Structure formats: C-alpha cells, structure tokens
Amino acid sequence: MTENDPNIKPKNKLLVYVVIIVMILAAVGGIAAFHYLYKPAKKVETITIAAPVYYTSSATWTNYLNNVSKAWEASHPNVKIKFVGPSSASSESQYYSKLNLLTSSKSTAPTVMLEDMFYTATYSHSGVLAPLNSYVNSSYTSNIQSSALGQMTINHTIYGLPATVTDTLIYYNTSILKEAGIHTPWNPKNWTDIINAAEKINNTLGSKGVVPLNIYQGVKADEASSFTGFETMLYGTGHGLYNFSNSKWYGNNPGLNATLGFYKTVFSKGYAQASISHTPYVTVGQYMKQGKLGIAIDGSWMYGYQWAPHGQNPISNFSKYIGVTAVPTEFGQAPYNTTMVGGWGWAMYNGIPNSEKPIVASFMKTLDNTTNQIIINLPGGALAGGLPPAKNAVNNSLFTKLMPTDPSLDTFFAGLLKNGHYRPPVATYPKISYILQKAMSNVVGGGDSVSTALTIYSKDINTTLGSGSVSPSIAALNAQNLNYKQYNGNSFALMSALETYVNYNLYNLLLW
Amino acid sequence: MIKIKLRFVVVYLVLTLLALAFLIPFIWLFVESFSPLNNVGFTIPNRFTLDPFRNVLTNGTFIRSIYMGLIQSLGATFLSVMFAIGPAYVFSRKSFKLKTPLMLGVLLLTGFPVFSLLVPTFIFFIDIGLYNTVIGVILFLGVLNLPIDIWIMKNSFDQIPKSIERASIVDGAGTLKSLFYVFIPLTLPIMAVLIILNFVINWGNFYVPFILLSSSHLLPISVRIYSFFGAFSVRYNELAALSIIYTVPAVILYIFAQKYMIKALSGGIKG
Amino acid sequence: MSSVELKNINKMYDKVTVLKDLNLKIEDQEFFVLLGPSGSGKSTTLNTMAGLDVPTSGNILFDSEDVTYFDPNKRGVAMVFQDYALYPHMNVYKNMAFPLKMKRYKNEYIDKKINEVANILGIKELLKRLPRELSGGQAQRVALGRALVRDPKIFLLDEPLSNLDAKIRSQIRNELKLIHSDLKKTFVYVTHDQQEAMYLGDRVGILNEGVIQQIGTPQEVYKHPKNIFVAKFLGEPEINIFELDKNDGGFKIGDAPVDGSNLDALNKLTLGIRPENILLKKRSEKDIPLKIVIRAKEFTGSGFILIASTESGKEIRIISDQANMEIDEPITAYIDYENSILFDEHGDSINK
Amino acid sequence: MLNTRKIKFNMQNIIYLIFVPTFVYLGIFFLYPIYISIKYSFTNISLTDILNYTYIGFSNYHSLLTSGSFIGSIYTTIIFLVLSAIIGQMFLGIVVAYLLSVTQKYFRLIITSIILVAWATPQVTAGIMWYSTLSYIPSGTVNVFLNYFGIHSINFLSLHLALISIIIANVWLGLGFSVLIFSSGISGISPSIIKASRIDGANPFTRFFKIILPLLKKSIITDLLLITLFTLGAFTLVFVMTGGGPVNATDIMTIYQYRAGFSLFSLGIANAVGVIIIVLAISISILYLISLKGD
C-alpha cells in the first residue's frame, strides 16, 4: 500500500486524458484566436470574383474564368484569379443579401463581383462600388446598349461593365391559340387584345385545365413578380415607379393603377393562376411544353433555361410550337411595344487600395470584351440564355451560336432592346420591389381592390423609407395640370391624350 | 369479449390510417426521385430510372456538400458533447451556491429561438474573422446544442445510484476518475443517443450554414438542397434523389436510437 | 492494526442535526455493529468514517491519527453497500480490479489478488459475468470481494444483507463471521436488523436520533438495556411493557405487588419483561402471577408465540414450548421477576 | 488542523473549474450574440451598410408595435402556436401515445417508426415535400388523388388555407417528438396502477382522463414548453413552403424577422423582432418553471 510498493505502476493514465482534453480545448481556442488575430490583408495577388451560383454552375464559373483569364494572367504573372461564389444563395434576392453581407467587411469582400444591374444604385449608394469612368473610354461605352449601361451609371458615374442583358416578352402556344380561334402569328396591339385572347382560351379550353395566361405576382416569386411581371406591364402605360424630378416614389399614378387593374382582371376572372408564381419559371416551362398554358409574359432567358435542347423542358420544334411577340403598350400607343431590360455587369469593390484598381480594371475589361460577353451567354455558359450587351456583338461569328437551334430568336430578343426600360437605378429600389410584391398579392390573393392596395402600398413606402418618400399623388399633379389646361381653354379630352403623350415622352427621356 | 375486440380493431385501424397519412408526403419524393420526368407536381412516370441518383452521386459538388455536411455536423456534435459533460456532472452531483440560478440559465437557453441570433452572430463573425469558415459554423452549431446536452446528460447522471458513486470514491477514484471510469461509461447508451440527436439536428440545420457561409466549396448538403429548390432552373427529380440521400442517414439513426431515445427523454422529464 | 475513534462528532444537514455529540471507540480487529432504526444516523456515522461525509464538528481518529479531512482513498477503508453498488458496465473481474487499478497496481498483482479472493468467496466461475447476470447473493459476494482485494485496514459494511432472501442472508452472515475471524481486521457493520447485530457483533452500538444509546456486547445490551428504547429495539417478539402507577404507596400488576429497593422514590415505574420470561408455571416465590386469556398462538418451529391479553385488556406476547393451550380460556401466568427489567419515569433502567 | 481543512476545501473546489471552458464558450458564442442582438435593436443598422449605424432608442419597437402587419404577424404566430403546438402536436401526441400503448409490440414499433421518420426528416426536405404534396398548379399528390375521385382540385396554399396547410405540415413534422415524450411518460406509469383501475371498473376513457392524464402532468408541461419553443422558433418549413404568403397568411414572426432583415434590409427592426421573440420565449420558459415548481 505504500508509495514504493513494487506492485504499483508508476504512470498515471488520467493525466493522459486530461492532456488530451486540454489539447483539444487549446486547439479550438487557438484556431479561434488565430482567426481573431490574423486578418489577411487584401493583396492584389489574388483577384477574387463573386457571381451568383444557381444550381451547379460553380464549376461552370470556374471554367469560364479560367479560360478568360488564361491570356491575361500570362501577361500579369503576379496576379491570380479566383472564383469565390457565394453559393449559398438560391435566388436573386438571396444573392444580394449575401453580397451585402460580404461587402460589409474588407476581409470578406470580393474584388470583382457580378452585379444585377438594378442593384448598382443600392451599392454605389453605400460606397461599395468603385467608379470606373477613368478606366473605360468612349469606344467601349458607345458600343454597349444604353439600356444596359444606363442601369449601371448613376449620376454619370459608371459603376459596372454590363456582361449580359435579358428582356421580357410574350410567349404563346400556337396550337392553343389556334384551337381558341385566335389567328397566329398573334401580335397583340394593346392590353385588351391580351385579355380578349385569354378570355377566348378560357372559354374554349378552360374546362380542360388549360391556364390561359401567366404573369408573375407575389412575394414568393420575388423579382420575377416585380420585374418580369409588374414592371413589364407598367412601363407600357407610360408611367413608372419613381419620380426622378423630386426623387420620390409614386404611391399612386395612372400606370400603377392600370397595371394593378390588369392583375385584378386576369386573376379575378380566372384567366391567370396565382400558384404558378410559387415556382417562378419552372412551372411555366413545363406547362408551355405540355400545352397547358396559353400565353406567358416572361423573360428571354426562358428559352435557354427551359426549352432549348438541354433545358429543363426541351421543346424540339420550338418555333412551330411556341410563338414569340413583344409586350404591347397599354392602349397601343407609340412606341407600340415595351420590354424590361435586366442583366448583370461586372463591378469593382471600392475597398481595395487605389493603386490596385487599374490592374483590376484591366482584368475587368478583358472579362467584358465582346467575345467574352458572347461566350458567357452561350448555352451551357455561366450566364446562358442572356444576350451580349455590346452592340457589335451581332457582327461576331459566335453570335448565331447563342441560340443554335433557332438563331432568329437572337435577333428578335436583341431587337426588343431598343424599346427597353429598366428599373429605377435608386438605392431603395429593392425595398420598393418587395413592397410592390406585397401590393400585387393583396390584389391577387387577398382580394383587395386596386385603390385599397395602392393605399397600403404608399403607406408601406412611408413606413419603410420614412415619411415623405412618396411623391405627391398624381391626382394633385393632375389638378395643377388641369388648371393650366383650363387656362389655355383646351378641351379636357384632348389635353388628357396630350398629357399622356407628353408624360410618355418625358419618361422616355428620363429613362433612356 | 367481442366488445373488447371491436375496440381494439378501431384502435389499430385509426393508427394504421394515421401512419398511412404520414406517408403521403413521401410519395412524391420517392416517385419523383426514380422518375425521368421533372415535376414539382405529382405524375406517375411511364418508366422508372436510377438516373437522378446516378447524376447526383456522380456530381462532385453534391458529394462535396455531403462531406461538408458530415464535417460540420460531427464537429459541432463533438464540441457540444465535450463541453457538456463536465458541467452536467457537477450539476448532477455537487451542490453549491449558484447551482439553481446557473441551471435555470442553462434551461432558458435550451429552448432559445436561435434564428433570432443569426444576424448578430453574422456581424460578430465578420468582426472576428470566423465568417465563411467551417470552424465558425462548427463553433456556432456546437454552442446551440450545448444547453440541451447539459440537461440531458445531467439527467442521465442523476440516474446513477448514489451508492455507485460512493463505491467508486471509497475504491480510490477521485472526482475526475469516477467521472471517466464510472459516470461516462455508465451513461454511454444515453450519450450515444445524445450524439445521434445532436448529429441529426446539426445535419438538418439549414439556416446557420446558409447565413454563416458563402463559399461554394464549404456549403453543406442542407444548403445545397435548398439552393436547388430555390433556383429558377430546378431538376426536381435530382432534387428528390438528393433529398432522399440527405434524409436517409437521419432516419436510420433515429430508428436505431428510438429505444434509447425514450429513455433519454424520460430522463429529461424526471429532471 | 487499526482502531477507530469518533470524538464529539456532530453532523448537520441544512439545519437538521443528524448526529449529536457522538463518541465511539472501535477496537482493532473488532466486529462492531451499529444498530438503529432507519433515520437514526447510523449510515451517516459510517459515511463519516469512510470519508464520504465530513462531520460538521468533531474528529475521527484511525489509530489515533486524525483522518477527519482525509479523502476516502487515503483512509485505507473498504466499503460494502446495501445495493452492492457494483459497476454495471464492468464484469465481475473488472469490478474487483477497479480499486486496485485506481491505486495503479500492476496487472499481474491484480490478477493474483483477484484469484485469491475469488477462491475464498467461491466466485471463481463468475469472474466473466456482468453484474446484471448475478443473483443477489452472488452480487453481494462480489461486492465483498471488491472490498477484500484491497486489504483494507477497516471494512465498512452498510446493511449489506438487507436486500437478500432470508436463506442467503443467513448463509452470507455465516461467511462474514468466518471471514472476519480469518482476516482479523476491523469491521464496522451497520444494520437495522437486531438479530443480525446479535449474531455478528463482538460489540453492538445502538443509535437513535443521532445519539448513541448503549454500547456493549450483544448479551449485555439484550439483558441489561440501558433504557426502554434499547429494550424495545432488541428482541423478537418485542419486550412486554407494563406501565405502572403508584397507588397505596406501592406498585402493582393486577393484585400482585412489585417490590424493589429503589422504587420508593419513584412516582411511575415501567416494567419490561421479555416474552420468554413470562412463564406458564410458577417457578419461584418471586414470580408475579398474572391473569391472562390466550387469544392466538403462532407456531415458530421450535415452539409457540402466544398472544394473550391481561385483565386490563393489554396485549402481551409469551414464548412457550407448550402446545396444549386452550384458546380463549382464562389462565394464570407468572412474570419471572428475576429477569424482568425496571425503568424509571425517564425510561432509564434502574436496579431492583 | 485548520490547514488540513483549508486544503480539503480547495481540492473539492477544483472540480468547479470544469465550468470555465463551457461557460466561456457559451458566453462568447451564445450570450454575446444575444447582447449584440439587443444592442442593434436600438439602432437603425442596415444590411447594406453594417458598419454605420446610429442609436435611435425605442423607435424600432415603437414602429413595430404600431404596425398593423407586425401585430398581424403576432396574431398569425399565436394561431400557429395554438393549433400546431398545443392542439396538433401535444393533444394528438397524447392520444396517439395512449392508443399506441395498448397495441401489440411490433405494430407499435412500426407506427412509431413512421411517425419518427417524419420527425427525422430535415426541415428543408419536409418543406419541399409538403409544397409538392399540396401543390395546386401543377397538381400535387393530394390534388391528384382528389381528381381521381372526381373532386375538384383545392388550392391548399391559397389565402384561406395556407395557414392550415403549414399547421398540418408542422404537426406532421413535430408529432414524433410528443409521441416519444408521452410514450415514455406512459411507460413510466406503473402497470399496477392501470391494473388497479381496471379492477376498479374504469373504462378506457375514464382511465385516460382520470388516471393517465393526471399522471402525465409533468410530461405534458415539458412537452408543451419544448414544442411551444420549437414552434415559436420555426422558420425553415414555412419559409420553404410559403415564404410567409400569400399576402400575410403565413407570416409568422420569424418570417417577419427574415423579411425585415433581408427584404427590407432593416437589421435594426429585424433585431427588435428577434428580441421580442426572445422575451416571449423566456416568459414561456419561466411560466413552465413556475408550473413545475407547484409539484
């Protein structure tokens, strides 16, 4: 029993356990401390690239960037290009959330990021993006579609180099329209044409489960509701969301009124179904293919995503089966059709040292030359389904490969761009977009009247952005105009047509 | 006698119907995962195929996400269990001044609505450089299960008779030795359940890695699946196949642990 | 060589006093039994000896070394528990090896020692079994074995037999006695069972409400209990108690007077008479006659226990070997005054 | 003498050091985020600019509590809690556990396993499955069945049915937990009590209400607390199924918080919602502790 009993082992096993635990704790603590103390300085040696990764295209991005940067890296041996995602975002809005979070700290911000064009304002507003004017010359800027570059230019400052554009249009199922007694090719002249066609389809094929029309609505479809659906129609009224003259949002105007009215009509009469918006683009793709959907107001990307040979619901004889046509203006007024232009562009993080910016800009220009713009938009490419924003892209031999099965679509989609609108390049747009989605669902799902929905809409803008963010109602403006008109002794009817025309041109002027 | 039998028939019938109803949501998952179609709705395909599974299992990104899911779930499980043992032992066997307030504090944290902490944690992680790191996700997932682990483990320690503890002390084991040689080995079944429970909770956690990670190669399977679903271009059959691959380990572990889980939870009630 | 001495031990839990000024000396190699009803503080006393409890005040001396604040493993004691307290996850061998492993003995030594003890206890074939595969008797043997392998100076046994069936209990009781005489170690044994105490103890200490009532050999405490508590606690069936009031200047049971030299000063007298000391035939002049009616008889194997009532309606127990008793017949029994015990009004025994 | 006592005292207290790593860990990664969350709830911090914010007092709370949509969200949360947690999971859980307790062993094992499989299903998968099962366009499993029997499709995720749908999905997901708790509670009731009640002539219903329920009190309170807290913190399932819509039909507080933070970028408001949820959770826990103490 004594300490030097020969039967007693000298070693203490427990000590080993204690040491193991202490080591584990130390390791954990050490790693945490390491992370705390060691903040890697941003080095120009690596240019990190962020771009949205939906589905599995992370590898596609890496491939694309490898190919694009090979030559450039050769001439800049000290610089490495690295793709960093972020990949946990599964929809556009989540990508923005993610990017917001990443760019809030220098240590996590990517050097170059692909930016949804409409987001440019929000970012430039918070100083995240570097101005690029000094790195691009007029030969570059004049070659880019203005509806694209305009979205990335805030107060004459260029914050991004457009890489891809998309537009919105109407797809229709030829056989369904024929069965409903509508002459094809179908070219609706105004909104009434669309509603009438939907009604005809509903009367003839509604009982067979055919959905006459789709237009996106509601919060769940996110930007598909605001951009692809609502604004596509709205800008055909000659009105918009934002009053550039006083930098306030419209809480009400004839355009908002008419567009919500359109939603109210098509959904309350059962011409359109709200559920399709729960899975944006997916169900439309499937229903179009299966002949269960007559007309779809949707994006140019639908072809590449859904119906092209390797899409999700490939349609073999696409041009015969599906027709395409432009979205008409509300009453068929000039310029007769309209489209929403969206897209993505390359932007530079403003937090990197100024000395490094020229090198990064040089890489960005390579990234955005005409050939690379086409390559990134090719089928299977990282931004497949979009169009190159460079005007001279049509002359490039690769251009026809954008839609190899139906090159006529290339020119059709590109042709739409000239009457293109884009979302107000204003920092608060993303919030308005969300509020707008709620207004849509109030009308569609909640059964609110248009005027109730608009009252809530303008109230929500005030609570979210602070009171005074809503432009004085159009009614008030009209009253002023009316006084002016009466003073001039003109008839009300004439003036109101004139007013529409003037407003319309004013908008064109402001928006283009 | 007949009356009693009838009563039992009704019980069996009701439970069978309930179980069948519970299986309804799985119908789509199974049909779709073996389907060449790609349908968010329900259609019985003309033929069945293993292609969705093949595509998913040969896709490096998905394999990697399973691997990341394993690392993060196991790492966090390890941390919570390691850090829970000591306090659970002391709470169970010692009495001291601050015991009640401390235990109440731990109890309050067990049901904490964690989602509300993600935004501040995110800001905090950016500050200390843990954002977008696997270790950061592991540390945060680990701390979330820690309070409930302390409770369950304390309850299982409570069930060890006092005399066994005393025997080990008289036999010459100090506090630490008796913890290692007697308490931990004795509660191994419950510890195993706890590890399974932790693993499954971490494995199923979606929003923690969703918010705390951004790099593609770090994403665990839970986030991958969601990204899959949310994307504009979804292959639903592959989504279903991946979901099955994602769900099966959790389900197997649960069924395996079911017997012990009742014990572990009833321990929880006794506390 | 190990004696145990408790000096002025007090133990309080929260504000409840469990042990009150306890003094006790246990001699080396003695088999000492602490006897008391549940809640009397006997287990606490044992735990303070083991070091599992620390007394609120007072000292514990092993061989006149103060061990009051020693850890249990520094005291050289082994303990056996009522519920055996075998480690359920270890087999018998490992259970017995555990205390030795804790002392970091080498495996060969442990092996040798366990075999030795297993032979003594006849549990050699059980070594591979898990505790849940053992019967109660086997489990208690293993628990004993786990104590024995350590060669402790002092064995502490906390009601080790009370979970066992009657038959096994007496068997292991015998073994314990033999082990004690073989080992010549100090045993401290706690029980609430007075028969066990009588059978096993070299000396018995009777404890009630944290106070030692009496210490002595089994015969002493049985024959000469210090107070009514001890008298009542020992003996089966329980001692018959007659509480007598003084009238006409003396004490009487029925019509018969109770004499005694020390009785004059008392106002109240309690007479205790063990059931075997109530006789059905008069044996000496000093015997006190008592009119009783036999109500029932219980056969015990070696004789009978008679349940009877006195004229005043008091129920008494008598041990007798006579079988031919008429139930419900009034008879006269005799109190063996020589062997009866007298208590004063405080319940303390007095000389006749 | 005094010396030995002192050493003894210290040796015993060494064990409390075991708390240190755990509490440091909890402190850094659990308590500190709670603190930041409270701090930011008094600021106008925005997702687009996390580094610059100013303190604005209680105005986040004020605007929340005067906002119809947040009050609506609390209301939705309460309906969700009552129907899903209390009635759906707890009450149904007791009934199912009781019914299971009288059935044969293997049958019980199979049924329990099926119910547990639902519980083990990760929430993302559950959300996708339920979305698809209840889908209106294209027709999901349930509507395909209905059509098969000649019944018109039902839009389960429409304004009036969406809340019911997520409640059903959440009960589906959570029932296993309650059944486990109550099964163990019922198995803990001594069989002799049941036997005695049978001999005393209690029929199954009286037995259930007069004997089983009162004996399960502790299980009930525990289960109630845990599932209430789980349901209060539920996010993933609803987020995947409806995203809070249509309109505000399923806009529970966690969804509201997510929207405030990630759709409207107002992390200040989001944190204030978080703090309100935390306060609610803690109040519920304290109620639970009080009711347990009564025993």
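Throughout, read-outs are computed from the coordinates displayed, never taken from laboratory work. Bear in mind that the values here come from a model prediction, so they are computed numbers and not experimental data. Positions of Cβ are generated from backbone atoms using ideal geometry, with glycine treated the same way; all protein chains shown enter the neighbour counts.
Backbone geometry of the stretch D:242-259 corresponds, through the Karplus equation with coefficients 6.51, -1.76 and 1.60 at θ = phi - 60°, to 3J(HN,Hα) couplings of 10, x, x, x, x, 6, 10, 4, 10, 7, 6, 4, 5, 5, 4, 4, 4, 4 Hz, x marking Gly and Pro. For the stretch C:219-331, dividing the convex hull volume of the Cα atoms by the residue count gives 126 Å³ per residue. Here r is the Cβ-Cβ distance between C:L178 and C:N339 and R0 is 30 Å; the resulting FRET efficiency, rounded to 0.05, is 0.40. Within a straight-line Cα-Cα reach of under 24 Å, A:K401 can be paired with the following lysines, leaving aside sequence neighbours fewer than 8 residues apart in one chain: A:K70, A:K289, A:K320, A:K365, A:K391, A:K418. 3J(HN,Hα) along the stretch D:156-161: 5, 9, 7, 3, 8, 9 Hz, from the Karplus curve 6.51 cos²θ - 1.76 cosθ + 1.60 with θ = phi - 60°, whole Hz, x for Gly and Pro. Here, the stretch B:43-86 has an Rg and a Dmax of 17.8, 58 Å when only alpha carbons are counted. Summarising the label geometry, the points placed 7 Å from Cα in the beta-carbon direction at C:V54 and C:K314 lie 5.1 nm from one another. Here, the stretch B:27-118 is characterised by an Rg to Rh ratio of 1.28, where Rg is the alpha-carbon radius of gyration and Rh the Kirkwood radius. Were the residues from C:K291 through C:N8 laid out at 0.36 nm apart, the gain over their Cα-Cα distance would be 97.0 nm. Give me, ordered by chain and number, the residues 5 or more places off A:T338 or on other chains with an amide H under 5 Å from its own placed amide H. HN-HN under 5 Å from A:T338: A:V327, A:T329.
Given in Å, the Rg to one decimal and the Dmax to the nearest whole number for the Cα atoms of the protein assembly as shown are 43.0, 152. By the equivalent-ellipsoid construction on the alpha carbon gyration tensor, the stretch A:284-405 comes out with semi-axes of 33, 19, 14 Å, ordered largest to smallest. Which of rounded, prolate, oblate describes the stretch A:90-196, given a ≥ b ≥ c as roots of the alpha-carbon gyration tensor eigenvalues and a/c under 1.5 marking rounded, otherwise prolate only if a/b is larger than b/c? Judged from the Cα gyration tensor, the stretch A:90-196 comes out prolate (a/c at least 1.5, a/b above b/c). Taking the 0 to 90 degree range and rounding to the nearest ten, how far is the long axis of helix B:99-110 tilted relative to the main principal axis of chain B, both from C-alpha atoms? The answer is roughly 0 degrees. Counting Cα-Cα pairs of the stretch D:68-293 in 10 Å increments starting at 0 gives whole-percent bin shares of 8, 27, 31, 22, 11, 2, 0.
Scanning residues 5 or more positions from C:I350 or on other chains, those with amide H under 5 Å from its amide H are C:L342, C:F343, C:D344, with H placed 1.01 Å from N in the peptide plane.
Each of A:T452, A:T259, A:T204 has some number of other Cβ atoms within 10 Å of its Cβ, and from fewest to most they run A:T452, A:T204, A:T259. Exposure proxy for C:D259, C:D83: other Cβ atoms within 10 Å of each Cβ, ordered fewest to most, give C:D259, C:D83. Here B:K99 is the anchor, and the lysines within straight C-alpha reach of less than 28 Å, apart from those fewer than 8 places off in the same chain, are B:K154, B:K162, B:K177, B:K263, B:K270, C:K11, C:K15, D:K6, D:K8, D:K217, D:K218, D:K293.
Amide H contacts of D:S46: D:L267, each under 5 Å away and 5 or more positions distant or on a separate chain (H built 1.01 Å from N in the peptide plane; Pro and chain starts excluded).
Would you mind getting me the FRET efficiency between B:L17 and D:R108? Use the beta-carbon distance for r and R0 = 25 Å, nearest 0.05. That gives a FRET efficiency of 0.95.
Is chain C rounded, prolate or oblate when judged by the Cα gyration tensor, a ≥ b ≥ c being the square roots of its eigenvalues, rounded requiring a/c under 1.5 and prolate requiring a/b larger than b/c? Since a/c reaches 1.5 and a/b is larger than b/c, the shape of chain C is classed as prolate. Our compactness index for the stretch C:126-187, the C-alpha radius of gyration over the empirical 2.2 N^0.38 Å, is 1.13. Shape class of chain B from the alpha-carbon gyration tensor: oblate, with a/c at 1.5 or above and b/c at least as large as a/b. Cross-link partners of A:K80 among aspartates and glutamates, defined as those whose alpha carbon lies under 20 angstrom from its own and excluding same-chain residues fewer than eight positions apart: A:E45, A:E356, A:D368.
Counting DSSP beta bridges in the protein assembly as shown, what percent are antiparallel, to the nearest 5? Taking every DSSP beta bridge within the protein assembly as shown, about 75 percent pair in antiparallel fashion. Using θ = phi - 60° and the Karplus form 6.51 cos²θ - 1.76 cosθ + 1.60, what ³J(HN,Hα) does each residue of the stretch C:319-324 get, whole Hz, x for Gly and Pro? Coupling constants for the stretch C:319-324: 9, 8, 9, 8, 9, 8 Hz.
A Gaussian network model of chain D, with springs between Cα atoms under 10 Å, assigns the largest mean-square fluctuation among D:F19, D:F149, D:F70 to D:F19.
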